[in-house]
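A quick write-up on the structure given underneath.
Bear in mind these aren't lab numbers, they're just calculated from the coordinates by the rules spelled out. The shown structure was predicted, so the numbers you read here are calculated from the model rather than taken from an experiment. Virtual Cβ from ideal backbone geometry, glycine too; neighbours counted across all protein chains shown.
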Amino acid sequence: MDLLILAGGAGSRFGGPKQFEPIDDNGNFIMDYSIFDAVEAGFDRVVLLTNIEYKTLVEETLQKRLAGKVDFEVVYQNKDYAEKKYGIKRDKPLGTGFSILETKGYIKNNFCMINADDFYGKESFKIAFDCLTKLDCQKSDFAIVGYELKNTMSEKGSVKRGICKSENGFITKIIESKAEFADDKIVVRELESEKQYEVEPNILVSMNMLCLTPKIFEHLTVDFEKFCESEDNLRNKELLIPDTLDRLIQDGISKIKLVSTTAKWIGMTYREDKPFVVDGIKELVDKGQYPNNLWNN
């Protein structure tokens, strides 16, 4: 089973490539712990999508650490696609949908997609692996591991989350929103409608831990071709994987199961979050959930 890690972000709010920020005394990144948990859960192959500018860094860190421990492959994303094909320069990436599409020739099996800078927890990888074993690779039915919103918040500012609406265990709508604390309550603002309201702290949200089959590439290809028909899209917008998943739900093409985890998210949205990440990981190590030296134990 494959684990796809998206690690191409610039980390604008963090002030640098947070996916390659060391968070323990041995220089490991958050994604090292995700890979460790994934291998423990049964995943046997890792595909990392990142920028070519990080090539040397990846070779000197992750590739050395993972040698002989798991099948590890790196895909370097095409940052200048819009300029090369359409003559349109843009600063921000083309979106998570395009990022996944770039790995089409590398992933042949059911796979779990995650963000490099999010810590998902052991329980979540076990849940994801179990989901993937039950998905038919020839069908467009998928699953999302949903986190309780209260377990994914940052004390330092707003966070972007996909609010999951569901019926009978299947997602009916994914609403991209920003969430933040306000007077000990959690308030979300929908990105598209700007609608703002208070939500229950245990509402399930997507942290981009997606259980997908290779059929997703067919749907992303269709959406990306349509995306490229608009010059405004190519200049200013992004093709996001939640948008494709939502389209598939609304068109009756896909059933997407929502499976919940009680794991607590740890991640770095802001530079000020790093001490909490370091302390959170150290606490798990001290409890014996991880070895003191992750890859050399």
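Along the stretch 98-114 the Karplus relation, 6.51 cos²θ - 1.76 cosθ + 1.60 evaluated at θ = phi - 60°, assigns HN-Hα couplings of 5, 4, 4, 4, 5, 9, 3, x, 10, 10, 10, 10, 4, 8, 10, 9, 9 Hz to successive residues, with x for each Gly and Pro. Take the Cβ atoms of Glu155 and Ser230, set R0 to 35 Å, and the FRET efficiency comes out at 0.35.
As a proxy for reagent exposure, ranking Val222, Val259 by other Cβ atoms within 10 Å from fewest up yields Val222, Val259. Spin-label model, Val222 to Glu272: label points 7 Å out along the Cα-to-beta-carbon direction sit 4.5 nm apart. Were the residues from Glu194 through Cys137 laid out at 0.36 nm apart, the gain over their Cα-Cα distance would be 16.8 nm. Note that the stretch 81-97 has calculated 3J(HN,Hα) couplings of 4, 4, 6, 5, 8, 10, x, 10, 7, 8, 8, 8, x, 7, x, 5, x Hz, one per residue in order, obtained from phi through the Karplus relation 6.51 cos²θ - 1.76 cosθ + 1.60 (θ = phi - 60°); glycine and proline are x. For the pair Glu83 and Asp184 in one chain, pulling the backbone fully straight at 0.36 nm per residue adds 31.8 nm over the alpha carbon distance. Could you give the distance between the Cα centres of the stretch 130-155 and the stretch 69-108, to the whole Å? Between the Cα centre of the stretch 130-155 and that of the stretch 69-108, the gap is 23 Å. Considering only Tyr76, Tyr54, Tyr120, the mean-square fluctuation computed in a Gaussian network model of the chain, springs between alpha carbons under 10 angstrom, is largest for Tyr54. Non-local amide H neighbours of Arg45 (under 5 Å, H modeled in plane, Pro and chain starts lacking H): which ones? Residues meeting the amide H criterion: Leu3. Net charge dipole, the chain: roughly 340 debye, given to the nearest 20, about the Cα centre with Cβ charges of +1 for Lys and Arg and -1 for Asp and Glu.
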